[in-house]
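None of the figures in this text is laboratory data; all of them are computed from the coordinates on show. Source: prediction; values computed, not measured. Cβ placement follows ideal geometry from the backbone for every residue including glycine, while neighbour counts extend to all protein chains displayed.
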Amino acid sequence: MKKQLFSVLAATALLTACGDLKNPETKDQPQEATADTAVVYRNGETAADAAGTAGDKIENAADKAGAAVSNAWDMTKAKLSDVKLEEIDLPEVSVRSDDQYNVYGIEEKILFDTDKAEIKPSATRALSEISASVAQRFRGKEVRVLGFADSRGDKSYNRELAAKRAAAVKNWLTTNGQMNAANVSIESFGESAPVASNATASGRQENRRVEIAVRK
């Protein structure tokens, strides 16, 4: 009788051990928690702690995103007025300004041939004058080169050409104008921001332009 009881107990223990092997508990897995207990992970952080940490991360990310938006360029609300700077005396260079931005404009015919994005030799004086003015007044400030086109042709082509022209001007400014490349960015508006009517040749000429904006 004792031998039979021992055999039954041994068999039961063996089955229990096998069941444990099939369903091992590891420290990496959270254990079941009741309403009165908290799940604790290997790093000692409770579920509530983990949720709080995740919430903090989300909040920090939101703060960073908000800061990025607040630091973004928004010239749509700029109220620029023509200004005269003593160091700018070339008629092909215009200057407009408000309390946030200073914008230098250059006539397209000075910078580029038709449908081209290679800077003409005639642009050297104008670009040199602008880069010297920026160095004098706004050294270390952010600069953005803006490319514009008229409405003739395909919209995507106009945006691409304006982007290439803006990139060419940036390259000149950082190579010859001694501007820090890290401070200079480009933006292409294509035909989306005209300053004159595209119905006339003179209006289209005004719309084909590059502007060099400095954020004060």
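Amide H contacts under 5 Å for MET179: THR174, restricted to partners 5 or more places along the chain or on a different chain, H placed in the peptide plane at 1.01 Å from N.
In order along the range 164-180, phi translates into HN-Hα couplings of 5, 5, 4, 5, 5, 5, 4, 4, 5, 5, 7, 8, 10, x, 6, 8, 6 Hz, rounded to whole numbers, per the Karplus curve 6.51 cos²θ - 1.76 cosθ + 1.60 with θ = phi - 60° and x for Gly and Pro.
Phi angles of the range 199-216 translate, via the Karplus equation with coefficients 6.51, -1.76, 1.60 and θ = phi - 60°, into HN-Hα couplings of 7, 10, 5, 5, x, 4, 4, 5, 6, 7, 7, 10, 10, 10, 9, 10, 8, 5 Hz per residue; Gly and Pro are given as x. Here's the picture: a label point sits 7 Å out from the Cα of LYS79 along the beta-carbon direction, and within the range 195-216 the residues with their amide nitrogen under 19 Å of it are 216.
Between ASP99 and GLU142, the simple label model (points 7 Å from Cα in the Cβ direction) yields a spacing of 1.9 nm. Taking amide hydrogens as placed 1.01 Å from N in the peptide plane, the amide H of ILE186 sits under 5 Å from those of VAL145, each at least 5 positions away in sequence or on another chain.
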